[in-house]
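The structure that follows is given in the form of structure tokens.
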Amino acid sequence: MEKGELVEFPEQPAVYAVYNKDDQIQYIGLTRKINVTVSNHLRDVPESTAAVRYELLPDASRDALTGAWKAWMEEALSETGNIPPGNAPGETKWQSRSARPKADIKLTAGKAINVPIETLIDQVVKSNKVVAFVKGTRSQPQCGFSHKMMSILNDMRTDYEVVNVLDDFHNPGLRDAIKQYSQWPTIPQLYIGGEFVGGSDIVEQMLGSGELQLMLRGESK
């Protein structure tokens with residue numbers, strides 16, 4: 001178990017405990033990305049997030065993570081006589097606060113139109129700060145790469161739009177047209193500030209290098 005400043009937290013699964021300035025335990029949690037989760041706690045409950053104790057579990061399964069969390073909870077209960085206040089029934093401020101679900105963008109109302117699909121794509125890309133063209137919907141991605149891209153954006157709490165390339169009723173011809181528009185052969189595709197960024201692998205690489213965070217802050221390269 002280790003303690004560390006925010007900048008030292010790695011992007012790995014972990015079980016962790018949060019303490020206030022009086023060194024009183026406030027919450028015990030588990031996460032797939034300790035760096036993102038601690039950053040969120042600092043933003044959401046800064047008055048109660050003064051220190052973090054954590055144990056990295058890089059190769060742990062979901063069951064192993066849950067088991068470690070239960071062990072930490074039992075230890076806290078044994079030491080203090082109570083569960084941490086953040087883990088109390090009905091307490092929600094420590095839980096991940098996902099952005100409110102947004103409706104996916106539909107290029108048409110499902111009726112025949114005279115406007116070229118490329119024009120509609122361009123309008124969506126240029127009029128929205130962050131747009132992800134994916135297979136499936138925001139809540140039900142239909143491929144692993146689309147899920148990975150949206151998970152990255154969700155973890156960063158990005159306000160972004162989604163366009164489903166598989167919705168042939170509202171987005172006829174989009175699956176092929178978006179590839180022509182970007183001159184990129186695969187889907188999903190991410191656009192920031194009206195510019196094409198890349199697919200899920202590139203987005204993941206940019207996240208690791210910090211470039212994605214900079215683009216999202218500035219909305220442009």
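The values are calculated or read from the model by the stated rules, or taken from the named source; none is laboratory data. On a predicted model such as this, the values are computed, not experimentally measured, just so you know. FYI the Cβ positions are ideal-geometry reconstructions off the backbone, even for glycines, and counts take in every protein chain you see.
Answer yes if at least one residue in the stretch 62-80 is closer than 25 Å to A14 by Cβ, among the aromatic types (F, W, Y) and part of a loop (DSSP other than H, G, I, E, B), and no otherwise. Please lay out each step first, then the result.
Let us first name the residues in the stretch 62-80 that are closer than 25 Å to A14 by Cβ, namely 62-80.
If we keep only those that are among the aromatic types (F, W, Y) as well, we get 69, 72.
Within this subset, residues satisfying the condition of being part of a loop (DSSP other than H, G, I, E, B) are none.
The answer is no, given that none of the residues of the stretch 62-80 is closer than 25 Å to A14 by Cβ, among the aromatic types (F, W, Y) and part of a loop (DSSP other than H, G, I, E, B).
I would also like to ask the following. Select from the stretch 182-221 the residues that are among the aliphatic types (A, V, I, L, M) and not in a helix (DSSP H, G or I) and write down the one among them that is surrounded by the most Cβ atoms within 10 Å (Cβ to Cβ).
Taking the stretch 182-221 as the starting set, the residues that turn out to be among the aliphatic types (A, V, I, L, M) are 187, 190, 192, 197, 202-203, 206-207, 212, 214-216.
Keeping just the survivors that are not in a helix (DSSP H, G or I) gives 187, 190, 192, 197.
On the way: I187: 22, L190: 27, I192: 23, V197: 23.
Per the criteria, the residue is L190.
Then there's this: Got at least one residue in the stretch 166-185 being farther than 30 Å from V38 by Cα, touching a Lys or Arg at 6+ places or on another chain (Cβ under 7 Å) and of a type in the set (G, A, S)?
No, the stretch 166-185 has no match at all.
Output the residue which, of all residues in the stretch 105-114 that are within 20 Å of I192 (Cα to Cα) and crowded, with 16+ Cβ neighbours inside 10 Å, is farthest from the chain's Cα centre (by Cα). I'd like the intermediate steps shown before the answer.
Of all residues in the stretch 105-114, those within 20 Å of I192 (Cα to Cα) come to 105-107.
Now restrict to residues that are crowded, with 16+ Cβ neighbours inside 10 Å: 105, 107.
Numbers: I105: 19, L107: 25 Å.
The extreme case among them is L107.
Moving on. Got at least one residue in the stretch 159-171 being surrounded by fewer than 22 Cβ atoms within 10 Å (Cβ to Cβ), assigned to a helix (DSSP H, G or I) and modelled with pLDDT of 95 or more?
No, the stretch 159-171 contains no residue that is surrounded by fewer than 22 Cβ atoms within 10 Å (Cβ to Cβ), assigned to a helix (DSSP H, G or I) and modelled with pLDDT of 95 or more.
Go through (1) surrounded by 15 or more Cβ atoms within 10 Å (Cβ to Cβ); (2) within 26 Å of the chain's Cα centre (by Cα) one by one and return the number of the condition T66 breaks.
(1)
Can you spot a residue in the stretch 125-147 that is outside the structural domain of N35 (by TED's automatic domain parsing), of a type in the set (F, W, Y) and more than 27 Å from E11 (Cα to Cα)?
To start, the set of residues in the stretch 125-147 that are outside the structural domain of N35 (by TED's automatic domain parsing) comprises 125-147.
Restricting the remaining residues to those that are of a type in the set (F, W, Y) gives 133, 145.
From what is left, the residues that are more than 27 Å from E11 (Cα to Cα) are none.
Checking the stretch 125-147: not a single residue is outside the structural domain of N35 (by TED's automatic domain parsing), of a type in the set (F, W, Y) and more than 27 Å from E11 (Cα to Cα).
Take the conditions at negative phi, outside any loop (DSSP other than H, G, I, E, B), in contact (Cβ under 8 Å) with a residue 40 or more places away in the chain and of a type outside the set (V, I, T) and apply them to K179. Does it pass? Before the answer, list the steps.
Details: at negative phi: yes; outside any loop (DSSP other than H, G, I, E, B): yes; in contact (Cβ under 8 Å) with a residue 40 or more places away in the chain: no; of a type outside the set (V, I, T): yes.
No, not satisfied.
From the residues in the stretch 115-156 that are assigned to a loop (DSSP other than H, G, I, E, B), closer than 21 Å to E195 by Cβ and within 17 Å of the chain's Cα centre (by Cα), which one is modelled with the highest pLDDT?
Per the stated criteria, the residue is K129.
For the stretch 9-63, name all the residues that are without any contact (Cβ under 8 Å) to a residue 60 or more places away in the chain and aromatic (F, W, Y).
Step one: list which residues in the stretch 9-63 are without any contact (Cβ under 8 Å) to a residue 60 or more places away in the chain, which gives 9-10, 12-16, 19-25, 28, 30-32, 34-35, 37-39, 41-63.
Scanning the stretch 9-63 gives F9, Y16, Y19, Y54.
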